[in-house]
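S.K.: One structure coming up, written as C-alpha cells, with questions to follow.
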Amino acid sequence: KSLQIQKADFTVNSIIDKINRNKVNLRPSYQREYVWTVRTASKLVESLMLNIPIPTMFFHEVDGGCLEVVDGKQRLTSVWSFIQGEFPDGTKFKLKGLEVFDELNGKTFEDLPEELKERILDHPLNVHTISRQSQPDFVFEVFERLNMGATQLNEQELRNCIYQGLYTDLLCELAEDEHLLSCYRSNQPHLRMKDRELILRFFAMQRTTPSGFSSPIKSWLNEEIRENKDMTPQEAKEMAATFRGAIKIAWEVFGECAFRPVAP
C-alpha cells in the first residue's frame, strides 16, 4: 500500500490567501459543521498573539490540486473567521474570554493594533499533505489514526473528506429531507453526519446481493461510496427520488413511531 505525505510550513496569511482563492477548501457544508464556541476560538487567536505553536494540520490533495482540510478544520476555520470578521453562520467574531490579552475582549481583528495583526498573519503553520496518489482505503485508515483525539472525525466524516463527489453531495442534500428530519424530530441535519451514514446504508443495502455482505460494515460502506462517487447527475436524481419516496411513505404510515422500537 502507498502513502505519500508532503510536509511544509506556511504562514497564517498564506493559508488564508489559499482559502480565499479556493485552493484550500474548508467546505463547511460538507464536512463536520463548525462547532467551536466563541470562547474556544478566541483562545486559539490569543495563542497566535502569544506565538504559541499550533498543532500540525493535515490536508488531503484532491483532483485539481485543491486541498481538503482533514485535521485542523476547527482551528483553521476559527482563524479564518477572525480575520474575515465573522463566523460561518454570519455572527460577528468578537474576542471573548481572553486572559492574557484581556483588554482585547470584545475586539475584532480590525480593532487590533497593527503589531498584533502582523503577529497573527505571520504565525507559522505546519501542514502535512497526503497526496492524491495515496490509495484511498489506506488514506482512510491513516486519517482515523491522525484524528484520535477529543474531537476526532468519525467514519462518515472521514468518508466525506476522502470521497468527495456527487455521492457526498447527494447525502448532504438528502440529510435535509423534511420527512427524514420529522422522523428525527429535528429541524436540522445531524452535526456529526450520523444521518448521512444511515442514508448511505440505505443505498448500500439496495446494491447488496441476496446473500448479504461479508465485509465489516465500515469497509462495506467505504466501497459503496468509493465505487459510486463519480455517478452521473441522472443517477443521483434517481437515487434521491427513491430515498425521498421511501422516507415519505415511512413517515405517512408510522408517523412519530418511524424508526423507533415499539413494544409488542
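S.K.: Specify which of the listed residues (230, 195, 177) is in contact with a Gly (Cβ under 6 Å, 6 or more places away or on another chain) and either among the basic types (Lys, Arg) or not assigned by TED's automatic domain parsing to the domain that holds residue 63 (or both).
M.R.: Within the list 230, 195, 177, the selection yields 230.
S.K.: Which one is surrounded by the most Cβ atoms within 10 Å (Cβ to Cβ) among residues in the stretch 60-75 that are over 12 Å from the mean Cα position of the chain (by Cα) and not β-branched (Val, Ile, Thr)?
M.R.: 60
S.K.: Can you find a residue in the stretch 143-152 that is at pLDDT below 90, of a type in the set (D, E, K, R) and in a loop (DSSP other than H, G, I, E, B)?
M.R.: There is no residue in the stretch 143-152 that is at pLDDT below 90, of a type in the set (D, E, K, R) and in a loop (DSSP other than H, G, I, E, B).
S.K.: Is it the case that residue 183 is part of a helix (DSSP H, G or I), surrounded by 19 or more Cβ atoms within 10 Å (Cβ to Cβ) and touching a strand residue (DSSP E or B) at 6+ places or on another chain (Cβ under 8 Å)?
M.R.: no
The values are calculated or read from the model by the stated rules, or taken from the named source; none is laboratory data. This one's a predicted model, so the numbers in the text were calculated from it and none came from an experiment. Note that each Cβ is placed from the backbone with ideal geometry, even for glycine, and that neighbours are counted across all protein chains shown.
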